[in-house]
Every structure is written in C-alpha cells, then in structure tokens.
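This report refers to the structure that appears directly beneath it.
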Amino acid sequence: MTIMPAPDLEALVTTWTAAVEASHGLLAGITTETQNEQALALINVLLDHVHEHPELDPLLDVVSSLVEEYETVAYPLDGVPTQDLLAFLMENRDLTSAALAEATRLEVSEIERLLAGEDTWTLTHMRTLGVYFHLRPSVFVPEVH
C-alpha cells in the first residue's frame, strides 16, 4: 500500500481561488437565477469541449451538481406531472421537440407523445432525459394516483 503525501494546502488554496475567480464565482455555489443561467451556459461550453479536453470532465460534474443543488431548491418538483416537468425544462432552455430529439437521440414523436401524456415513460426516457437535463432520472417517474 502506497501512502500518498499530504496535499499541498497552499497550492490547493491558490488553485481553488483561481478556479473560483475563473468561473466568476460559480464554483463557490449558485444562489441566484442569474448564476444558475451562467452555470448552464458554462455546462454547454464544457459539453462542447470536454471531448477535446477530457480533464474538464470533473469540472463538468461539479458544475452540474451545483446546478442540480440550486434547481432542487429553486424549482421543487414534488407533485408536478411528468409531462409538465418535461415541458418546463424544454421551455426553460428554449428547446423544441426536434432539438431535444437531436440532442438526446430520442425520436421527435416519442418526445411529443411524452409531452402530451400519451406515452408511458420508460427507463430509457428517464435516464436519457436525466442525463441531458442534469437531473436524477427518478424525477421523471410519474406519480401513481
């Protein structure tokens, strides 16, 4: 068993401070809708470039978690019908069914049936849309009445 040396606290403080400044404070936490919008924009930039710079993947995870944490409090989902949640998420990101289908590789007709409440949600739908919207797939589990 190899024992790792203690982290260099001074280097961590310097690096973290620079990272928080480079993210315009987003890494310190999201507390406003403006910061949330900025974080969503940062996620989109990271998604566009993470394949070229895989070292950015942990940053994408951190920013996604911060967005999820903020949105869980700002937009409670309890009791919201699943199709309304999907419509809200799409509207919030100014997405059409076609754009969401292209981004997720779901069929346009599937998305439109989900929005209309005419189709049963599958695990594939929940997982795919959860990943795309940076939410737990379980938020798409329909309530049983």
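The values are calculated or read from the model by the stated rules, or taken from the named source; none is laboratory data. All values derive from a computational prediction rather than experimental measurement. Cβ coordinates were reconstructed from backbone atoms using ideal geometry, including for glycine residues, and neighbour counts include every protein chain displayed.
Descriptive notes on the structure:
- Residue that is modelled with the lowest pLDDT, among those in segment 40-62 that are among the β-branched types (V, I, T) and more than 10 Å from H134 (Cα to Cα): V50
- Selection from segment 88-115 of residues that are surrounded by 15 or more Cβ atoms within 10 Å (Cβ to Cβ) and either aliphatic (A, V, I, L, M) or not in a helix (DSSP H, G or I) (or both): L89, M90, L95, L100, A101, L106, I111, L114, L115
- For segment 72-82, the set of residues classified as part of a helix (DSSP H, G or I) and modelled with pLDDT under 90 consists of T72, V73, A74, listed by residue number.
- In segment 93-115, the condition of being over 24 Å from A39 (Cα atoms) and touching an Asp or Glu at 6+ places or on another chain (Cβ under 6 Å) is met by at least one residue.
To keep it simple, each residue is scored yes or no on (1) surrounded by fewer than 11 Cβ atoms within 10 Å (Cβ to Cβ); (2) assigned to a helix (DSSP H, G or I); (3) assigned by TED's automatic domain parsing to the domain that holds L123; (4) in contact (Cβ under 8 Å) with a residue 40 or more places away in the chain.
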{"residue": "V13", "(1), (2), (3), (4)": "yes, yes, no, no"}
{"residue": "W16", "(1), (2), (3), (4)": "no, yes, no, no"}
{"residue": "L40", "(1), (2), (3), (4)": "no, yes, no, yes"}
{"residue": "V45", "(1), (2), (3), (4)": "no, yes, no, no"}
{"residue": "L56", "(1), (2), (3), (4)": "no, yes, no, no"}
{"residue": "D61", "(1), (2), (3), (4)": "no, yes, no, no"}
{"residue": "Y70", "(1), (2), (3), (4)": "no, yes, no, yes"}
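- Some residue of segment 123-137 being under 27 Å from T34 (Cα atoms), surrounded by fewer than 13 Cβ atoms within 10 Å (Cβ to Cβ) and free of Cβ contacts under 8 Å to residues at least 60 places away in the same chain: yes
- Residue match in segment 136-143 (condition: aliphatic (A, V, I, L, M) and within 28 Å of L26 (Cα to Cα)): yes
- Meets criteria (β-branched (V, I, T) and without any contact (Cβ under 8 Å) to a residue 12 or more places away in the chain) for T82: no
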